[in-house]
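Have a look at the structure below, then the notes.
The values are calculated or read from the model by the stated rules, or taken from the named source; none is laboratory data. Since this is a predicted model, take the numbers as computed values, not measurements. Please note: Cβ atoms are built from the backbone with ideal geometry, for glycine as well, and neighbour counts cover all protein chains shown. Side chains are part of the model used for accessible areas, which takes the heavy atoms of the whole protein and leaves out ligands, DNA and RNA. Shrake-Rupley method; radii C 1.70, N 1.55, O 1.52, S 1.80 Å.
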Amino acid sequence: MALTGRTALLAALGSLPVGILAPSWTGMLAVNAPLSLAILCDYMMAAPVRTLRFTRSGDTTVRLGDEAAVQLTVTNPTGRRLRAQLRDAWPPSSWLPGTEQTASRQKLTVPAGERRRITTSLRSTRRGDRHAARVTVRSYGPLGLAARQGNHTVPWTLRVLPPFTSRKHLPSRLARLRELDGRTSVLTRGEGTEFDSLREYVPGDDTRSIDWRATARQTTVAVRTWRPERDRHILIVLDSGRTSAGRVGDVPRLDASMDAALLLTALASRAGDRVDLLAYDRRLRAQVQGRSAGDVLPAVVNALAPLEPELVETDARGLAATALSRAPRRSLLVLLTSLDAAPIEEGLLPVLPQLTQRHTVLLASVADPHTDDMAARRSTIDAVYEAAAATQAQTQRHRTADQLRRHGVTVVDATPENLAPALADAYLALKAAGRL
């Protein structure tokens, strides 16, 4: 049973004259006994909450920052009218700060034998799966003095997907891809190209491109055209170890790496290449393999949604072995990891020859723009010391990148806002050079 504020107000108003005029237990009892009887009758007339039935429907996925709508249908199978206040509880990260009180609580009235549907609007502040907690119902009597209260478990899962903010760069990269790939064919054959089609010879064409067998079968001279190779294999490897948990600006490094991986996946799948993905620290955390061009991007988004950094040191040997097992043939191996000296020198460098011997390796890392700001300050003594520390960190980072380049690795080091387009540009450059 739950008592309302109306009950407390009536009890106070009834007890006040008795306490002033004739204070006694008999007077208090004479005033409050009818109120207690009214409370009991009101409680008995309230619709029971245990027999209510609940079902859910609505959104199951939503991008981070967008609003999702989940419907809750309340069925009243009893013979009494339901006057209720309902709280649909979700994890705190399912609401914008300060909005939970208004968004999760609603009033509704359900006549006997009928049902009503209410909508809960969710705007999550974190990626991952959000599970509905429980539905609490407080059923009031017709007098509004007492209420029955009970809880119901109504399961529902809302998956909050990465926001993919870098998709704004996709049209410009696709335009460059069309220029490269060849919606226009070329006559010059070279590394990283494949046969495209035959066309009729026009004056000025290179005579070395003439296909004499095709010419013999028809009445006109035919020349071969070429285009950059397609159907290349790209394996994106996300380091989900402790270094990916560091925050750069407002987001962890892992989230910035995810955004870059999504843009690369969208671009490469449009280019006709096959894209696989895995996330690894000391064990495999997420995997997408063998998907078609139309299915790979949704599969990658769905696989990355619940991924969180693990506060453990990444096992570089295990990562290399897993990557080699997933890419038995020559591929473009994209490592999204940190450029910190210790993890690279002690973990990645010893196993790097195994990777570069078989694959083309591209390493992308998230740089902290705050370091550049610190290095530029000289206004105070503290700022000078901060600038010295930032310069030392930058020098160490550049030295680590140079070590990787000497092993044949292409290195992309950019801030979170620029990492995704920079990685896409590096992919296009490798494709244009025929190094995939």
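Helix-only estimate, please: 222 nm mean residue ellipticity of the chain, summing -39500 (n - 2.57) across DSSP H runs of length 4 or more and dividing by its residues, to the nearest 500.
Values: 12 runs with 163 residues, N = 436.
That comes out to -12000 deg cm²/dmol.
Take every Cα pair under 8 Å whose residues are at least 6 apart in sequence, average their separation, divide by the length of the chain, and the relative contact order is 13 percent.
The order of 44, 374 by accessible area, most exposed first and with a 1.4 Å probe, is 44, 374. When the label point is put 7 Å from the Cα of residue 329 along its Cα-to-beta-carbon vector, which residues of region 230-263 have a backbone N closer than 13 Å? Residues 230-234 fall inside that zone. In this structure the chain gives 51 Å² per residue of accessible area when probed at 1.4 Å with all protein chains present.
Taking the Cβ of residue 100 as the centre, find all other residues whose Cβ is under 14 Å away and add up their charges (Lys, Arg: +1; Asp, Glu: -1).
Value of the local net charge: +3.
In this rough spin-label picture, where each label sits 7 Å from Cα along the Cβ direction, the residue 167-residue 221 distance is 5.0 nm.
How would 13, 332 line up by accessible area, probe 1.4 Å, largest first? List each step's numbers first, then the result.
On the way: 13 100, 332 0 Å².
Reading off the accessible areas and sorting them downward yields 13, 332.
If you plug the beta carbon distance of residue 60 and residue 93 into 1/(1 + (r/R0)^6) with R0 = 22 Å, you get a FRET efficiency near 0.80.
Between residue 175 and residue 151, the FRET efficiency from the beta-carbon distance, with R0 = 41 Å, is close to 0.15. Taking Lys and Arg as +1 and Asp and Glu as -1, the other residues whose beta-carbon sits under 13 Å from that of residue 387 total -2. Not counting the cut sites, what is the longest span of the chain without GluC sites (Glu not before Pro) that DSSP labels loop and that have at most 14 other Cβ atoms within 10 Å? In the chain, the maximal stretch lacking such sites is 192-436. Approximating the spin labels as points 7 Å out from Cα along Cα→Cβ, the residue 357-to-residue 214 distance works out to 4.1 nm.
Peptide packing: for 254-265, 88-99, the average count of neighbouring Cβ atoms within 10 Å per residue gives the ranking 254-265, 88-99, highest mean first.
What is the calculated FRET efficiency for residue 33 to residue 85, with r their C-beta to C-beta distance and R₀ = 35 Å, to the nearest 0.05? The value I calculate is 0.80.
Taking 170, 352 and ordering them by how much accessible surface each has at a 1.4 Å probe, largest first, produces 170, 352. Working from Cα pairs under 8 Å separated by at least six residues, relative contact order for region 72-114 is 63 percent. Applying a DSSP loop filter and a limit of 13 other Cβ atoms within 10 Å to the trypsin sites (Lys or Arg not before Pro) in region 44-109 leaves 50.
Relative contact order of region 234-332, please, whole-number percent, based on alpha carbon pairs below 8 angstrom and at least 6 residues apart.
In percent, rounded to a whole number, it is 36.
On the protein heavy atoms, probe 1.4 angstrom, tell me the percent of accessible surface of region 240-287 carried by carbon and sulfur. So the carbon and sulfur contribution to the accessible surface is 39 percent. Span-like helix criteria (full DSSP H runs; alpha carbon extent of at least 27 Å along the helix axis; mean Kyte-Doolittle hydropathy of at least 1.0) are satisfied in the chain by 25-45.
Label-to-label distance, residue 370 versus residue 345, with points set 7 angstrom from Cα along the beta-carbon direction: 2.5 nm.
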